[in-house]
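> My questions all concern the structure below.
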Amino acid sequence: MTSPADDPNAALLAQLKMSSSVSGMKSNDDVLALLTAEPDPDPLAGVEYTGDEENDARAELDALHRGFRERTARELEQMQLATESEYWFCVCFKSQDDKDAFLTAAGLVVIRDKYLDGYATAELLGVTMPEPHDTERG
């Protein structure tokens, strides 16, 4: 295994770990899983072409429409998971300066400055968390 200094992807991995879309990522394996995830399926993969341009075009449009509906359904599921209110809480201050001072003093600013991964926060604060029932964390 290469050292972080020798890893040409180290900067990319560090940036991905800190990006808001993957703030829950805690390891290189988490980031690698994101980078190597299967792309959305090709909606035209199942179209059977007949040689009749009008029918083939209709079949393609139907397949694309179905693909958009399926993608919309997947995105809706992700949105519902992301906005579920029972697994997060909010801490407010009177000003951004106060918020920034708190995050810096608590050593949490290294995670992010607005939305913090709960597991990374717990780790930095020395809080032992129970093992999750499932391995997927949002």
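> Can you compute the FRET efficiency between residue 62 and residue 32 using 1/(1 + (r/R0)^6), with r the Cβ-Cβ distance and R0 = 41 Å? Round to the nearest 0.05.
After rounding, the FRET efficiency stands at 0.65.
> Please report, in Å, the Rg and the Dmax of the stretch 34-76, where both are computed over Cα atoms only.
12.9, 40
> May I ask for the percentage of alpha-carbon pairs in the stretch 36-117 that lie more than 14 Å from each other?
Tail of the P(r) past 14 Å holds 76 percent of the pairs.
> Once the Cβ-Cβ distance between residue 88 and residue 110 is put in as r, and R0 is 22 Å, what FRET efficiency do you end up with, to the nearest 0.05? Kindly include the intermediate steps, with their values, before the conclusion.
On the way: r = 20 Å, r/R0 = 0.89.
For residue 88 and residue 110, the calculated efficiency is 0.65.
> Using 0.36 nm per residue, how much length does the chain from residue 97 to residue 53 gain when fully extended, once their Cα-Cα distance is taken away? If you can, show how the numbers build up before the last one.
Numbers: separation 44, 0.36 × 44 = 15.84 nm, distance 6.32 nm.
9.5 nm is the gain from fully extending residue 97 to residue 53.
Computed from the coordinates by the stated procedures, all read-outs in this text should not be read as laboratory data. The structure presented is a predicted model; accordingly, all values stated were derived computationally and were not measured. Positions of Cβ are generated from backbone atoms using ideal geometry, with glycine treated the same way; all protein chains shown enter the neighbour counts.
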